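Read through the structure below, which is laid out as structure tokens, and then see the notes.
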Amino acid sequence: MGSITLRSVSKVFGEAKVIPSIDLQINEGEFVVFVGPSGCGKSTLLRLIAGLEDVSGGEIVIDGQNATELPPAKRGLAMVFQSYALYPHMSVRSNIAFPLKMAGMDKGEIDRKVSDAARVLNLTDYLERKPRQLSGGQRQRVAIGRAIVRQPKAFLFDEPLSNLDAALRVNMRLEISELHQQLKTTMIYVTHDQVEAMTMADKIVVLNRGNIEQVGSPLELYRKPANLFVAGFIGSPRMNLIEGKFAEANGAKTVGIRPEHIGLSRDSGLWEGTVTIAEHLGSDTFMHIEVPDVGTVTARAGGEFGVRHGDRVYLTPDETKLHRFNDRGLAL
Amino acid sequence: MATTHTRSAARLMMAPSVILLFAWMIVPLGMTIYFSLLRYNLLMPGTEEFTGLLNYEFFLTDPAFFDALKNTLLLVGGVLAISVIGGILMALLLDQPMFGQGIVRILVIAPFFIMPTVAALVWKNMFMNPVNGLFAWLFRLLGAEPLDWLAVAPLTSVVIIVAWQWLPFATLILLTALQSLDEEQKEAAEMDGAGPISKFIYITLPHMARAITVVVLIETIFLLSVFAEILVTTNGGPGTQSTNITYLVYTQALLQFDVGGASAGGIVAVVLANIVAIFLIRMIGKNLEA
């Protein structure tokens, strides 16, 4: 139940080749996150899997069955949309019951499943309300409720948290992760936010211009980015990418070092630089430091590291955490 | 912005238009009520005198009044049914992507711009004429006896003509409603396993409820006072078969020169329109609430 295989799937809109060709294996019970900058084709890929768009080539296999030509409803997948797409004229109860009603299930069975789903999602008190009377987070939960009652083979989430405020987003992130632990159903989650990707995923698929740049667990991507794009995309703040003399000394075209892997000191180190901006977050301090011959370097220090604009500091990159890339941007 | 000052300023600014509109309504209404209480016939000038409710008694007990009442309701109901159901179907069709969509939409709206007399005459002479009409030709083509529409089915003919004029309006309003339906909602319904018919019944139709209400309310206002189409086609006949209240008032005032009786009829029409309005608001007005 819930394995999905894409075999050289491609999608063309008119002249534009949105997805040249993608092969991907999603295993049963996995939480897979598609992440990438906007316009990278991640939503299109999700819609191809859902069946809301026709593939231009290749095939989609769900649970060993070729689903390329199946209509969306027959694929056994459920989707949570970015706008939630709740039916505004129906109560929460009818919204959640809608897919069951369409499946022709009998009334008692529907009622039982709806109240089960409502209990899991803390919606029991809101069942008779209309979507417009709910807060953003509650609407989100109704949308998820509508998806889980069908007991689908896999859930598809299309940037479900992007309409929520920051605090609620963190909450919902946890709730979705917990839901995945409970249900153990395959989930495919699309986001442009690498923090969501890192925190929730079993497996991250990094997409760029319709191509898969790298597939791996969050820590794999963090430790061993396969190329410059992944190196720059995963991790916050971004990895420092340094070219020139320092890179050549390390036998590479470009060298990457994460802000958290740079040692800081006030009196000695490999590089000497001037602090241009210091961002004090309390637990951490992020500094943008202008280093001659190297460029602007971002470095992380403890929250109590009291520097200000214009201070001189010394930096020492941790040699064991260097990422080296060749002239084609691939990791060495 | 809602300080006491701005609010009273706003009231002051609105006052002229409110007063003008109120006068525009109350003066004719007052005069009509006044005339309806007089014995006032243009053929006997100078003999006006107060008669109490006698005009109302005559108007309400006139057998033509009940025919007219029935015809008015049939006319309104018939045109509403055709234009709303037809409008929904047309809107669904026009919402489909197709070549030359913009031009087709403008063409569909066209009948709304044609004045009622012209539209009615075109229908009367080019379609429903038993000798030269297109329908007669069609009937003969099929080997049937041509129908003299305006004589055999006068009210139906008027309903068809008026419905033709109002169909574009309904189509236009319903089409815009249809286009504002969220694409993701349709997709969600599709994922939920709704077929085209379920999608229409559970998603599209409820979404259009407000637009349908607007169409019904606006059309009712105008359909209660259909006049030109009847005047140029059937003249209310044969007998009173296609006379509605508006036309009956016209015959009282300008064919029988009975201003008093016509005024009483006008007041009755106003009361009837209000009854219809109350019923409509009760039935479908809740759709207009946000």
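Amide H to amide H, which residues 5 or more places from A:LEU270 or on other chains are under 5 Å from it, using H placed in the peptide plane?
Those lying under 5 Å, H to H, from A:LEU270 are A:LEU315, A:THR316.
Taking every pair of distinct Cα atoms and averaging 1/r, then inverting, what Kirkwood hydrodynamic radius in Å comes out for the range A:103-216?
Taking every pair of different Cα atoms in the range A:103-216, averaging 1/r and inverting gives 15.6 Å.
Ignoring any ligand, DNA or RNA, what whole percent of the accessible area of chain A comes from carbon and sulfur when the probe is 1.4 angstrom?
Solvent-exposed carbon and sulfur of chain A make up 47 percent of the total.
May I ask you to give the average projected area over all directions of the convex hull of the Cα atoms of the range A:21-151, in nm² rounded to one decimal?
Mean orientational projected area (the range A:21-151, Cα hull): 9.4 nm².
If each Cα of the range B:162-290 is one equal point scatterer, what is log10 of I(q)/I(0) from the Debye formula at q = 0.09, 0.12, 0.14 Å⁻¹?
Summing over Cα pairs of the range B:162-290 leads to -0.42, -0.65, -0.78.
What accessible area per residue, rounded to a whole number of Å², is obtained for chain A using a probe radius of 1.4 Å?
46
Kirkwood Rh over alpha-carbon pairs of the range B:68-289, then Stokes-Einstein at 25 °C and 0.890 mPa s: what D in µm² s⁻¹, rounded to an integer? Before the final figure, lay out each step's value.
Values: Rh = 19.5 Å.
It comes out at roughly 126 µm²/s.
Excluding ligands and nucleic acids, what accessible area in Å² is computed for A:HIS261 using a 1.4 Å probe, to the nearest 10?
30
Which of the GluC sites (Glu not before Pro) found in the range A:131-225 are in a DSSP loop and have at most 13 neighbouring Cβ atoms, other than their own, within 10 Å?
On the way: sites: A:GLU175, A:GLU178, A:GLU196, A:GLU213, A:GLU220; in loops: none.
Here no GluC sites (Glu not before Pro) fit, given the DSSP loop and packing criteria.
In whole Hz, with x marking every Gly and Pro, tabulate ³J(HN,Hα) for the range A:137-148 from phi via Karplus 6.51 cos²θ - 1.76 cosθ + 1.60, θ = phi - 60°.
x, 5, 4, 4, 5, 5, 4, 5, x, 4, 6, 6
At 1.4 Å probe size, put A:ASP202, A:ASP267, A:ASP284 in order of accessible surface, largest to smallest.
These residues rank, largest area first, as A:ASP267, A:ASP202, A:ASP284.
Once you average over the residues of A:141-152, how many Cβ atoms of partner chains fall within 10 Å of each Cβ?
Counting Cβ atoms of other protein chains within 10 Å of each residue's Cβ and averaging gives 1.
For the pair A and B, how large is the buried accessible area, both sides, in square angstrom to the nearest 100, if the probe is 1.4 Å?
Approximately 1700 Å², summed over both chains.
Enumerate the amide H contacts of B:LEU38 below 5 Å, restricted to partners 5 or more residues apart or on another chain; note that Pro and chain-start residues carry no placed amide H.
Amide H neighbours of B:LEU38, under 5 Å, 5+ apart: B:THR51.
By the scheme Lys and Arg +1, Asp and Glu -1, what is the net charge of all other residues having a beta-carbon under 10 Å from that of A:HIS192?
-2
With an 8 Å Cα cut-off and a minimum separation of 6 or more residues, compute the relative contact order for the range A:1-133 in percent.
After rounding, I find 21 percent.
Using the heavy atoms of the protein chains alone and a 1.4 angstrom probe, what is the accessible area of chain B per residue in square angstrom?
On a per-residue basis, 56 Å².
In the range A:66-97, what residues drop by 50 Å² or more in accessible surface going from the chain by itself to the full protein assembly, probe 1.4 Å?
A:PHE81, A:TYR87, A:HIS89
Can you tell me the relative contact order of chain A? Whole percent, Cα pairs under 8 Å, sequence separation 6 or more.
It rounds to 17 percent for chain A.
Using a ≥ b ≥ c from the Cα gyration tensor of the range A:242-325 (square roots of the eigenvalues), is it rounded, prolate or oblate, where a/c under 1.5 gives rounded and otherwise the larger of a/b and b/c decides, a/b for prolate?
prolate
Which entries of A:LYS253/A:LYS321; A:LYS42/A:LYS74; B:LYS70/B:LYS199 have Cα-Cα distances beyond 26 Å here?
Working: A:LYS253/A:LYS321 16 Å; A:LYS42/A:LYS74 22 Å; B:LYS70/B:LYS199 37 Å.
B:LYS70/B:LYS199, as the Cα separations exceed 26 Å there.
Top mean-square fluctuation among B:LEU150, B:LEU142, B:LEU37, Gaussian network model of chain B, C-alpha springs under 10 Å?
B:LEU142
Take every DSSP beta bridge with both residues inside the protein assembly as shown and express the antiparallel ones as a percent of the total, to the nearest 5. It would help to have the intermediate numbers written out before the result.
On the way: 53 of 71 bridges.
Around 75 percent of the beta bridges assigned by DSSP in the protein assembly as shown are antiparallel ones.
HN-Hα J couplings of the range A:152-169 from phi, Karplus 6.51/-1.76/1.60, θ = phi - 60°, integer Hz, Gly and Pro as x?
Using θ = phi - 60°, the values come out as x, 6, 7, 9, 10, 10, 9, 6, x, 9, 5, 8, 9, 6, 4, 5, 5, 4 Hz.
Using a/c under 1.5 as the rounded threshold, could you call the range A:4-231 rounded, prolate or oblate? The axes a ≥ b ≥ c are square roots of the C-alpha gyration tensor eigenvalues, and prolate needs a/b larger than b/c, oblate otherwise.
Taking the square roots of the gyration eigenvalues as a ≥ b ≥ c, the range A:4-231 is prolate.
At 10 °C and 1.306 mPa s, grab the translational diffusion coefficient of the protein assembly as shown from Stokes-Einstein with a Kirkwood Rh over Cα pairs, rounded to a whole number in µm² per second.
51
Taking amide H positions as placed 1.01 Å from N in the peptide plane, with prolines and chain starts having none, which residues 5 or more places from A:LEU156, or on another chain, fall under 5 Å of its amide H?
Sorted by chain and number, the residues that satisfy this are A:ALA78, A:MET79, A:VAL80, A:ILE188.
Work out from phi, with θ = phi - 60° and the Karplus expression 6.51 cos²θ - 1.76 cosθ + 1.60, the ³J(HN,Hα) of each residue of the range A:199-204, listed in order in whole Hz, and give x for Gly and Pro.
7, 9, 7, 7, 9, 9
Which of B:GLY52, B:GLY133, B:GLY237 ends up with the largest GNM mean-square fluctuation for chain B, with Cα atoms connected below 10 Å?
B:GLY52
From the C-alpha gyration tensor of the range B:13-135, pull out the three semi-axes of the equivalent ellipsoid (sqrt of 5λ each), sorted largest to smallest, in whole Å. Intermediate results must be reported in sequence, preceding the final value.
On the way: eigenvalues 365, 127, 50 Å².
Listed largest to smallest, the semi-axes of the range B:13-135 are 43, 25, 16 Å.
How charged is the neighbourhood of A:VAL142? Take every other residue with its Cβ under 15 Å from the Cβ of A:VAL142, and add Lys/Arg as +1 and Asp/Glu as -1.
+4
The values are calculated or read from the model by the stated rules, or taken from the named source; none is laboratory data. None of the values given here were measured: they were computed from a predicted structure. Neighbour counts are summed over all protein chains in view; Cβ atoms, including those assigned to glycine, are modelled from backbone coordinates with ideal geometry. Heads up: the accessible areas ignore ligands, DNA and RNA and are worked out on the full protein's heavy atoms, side chains in. Shrake-Rupley method; radii C 1.70, N 1.55, O 1.52, S 1.80 Å.
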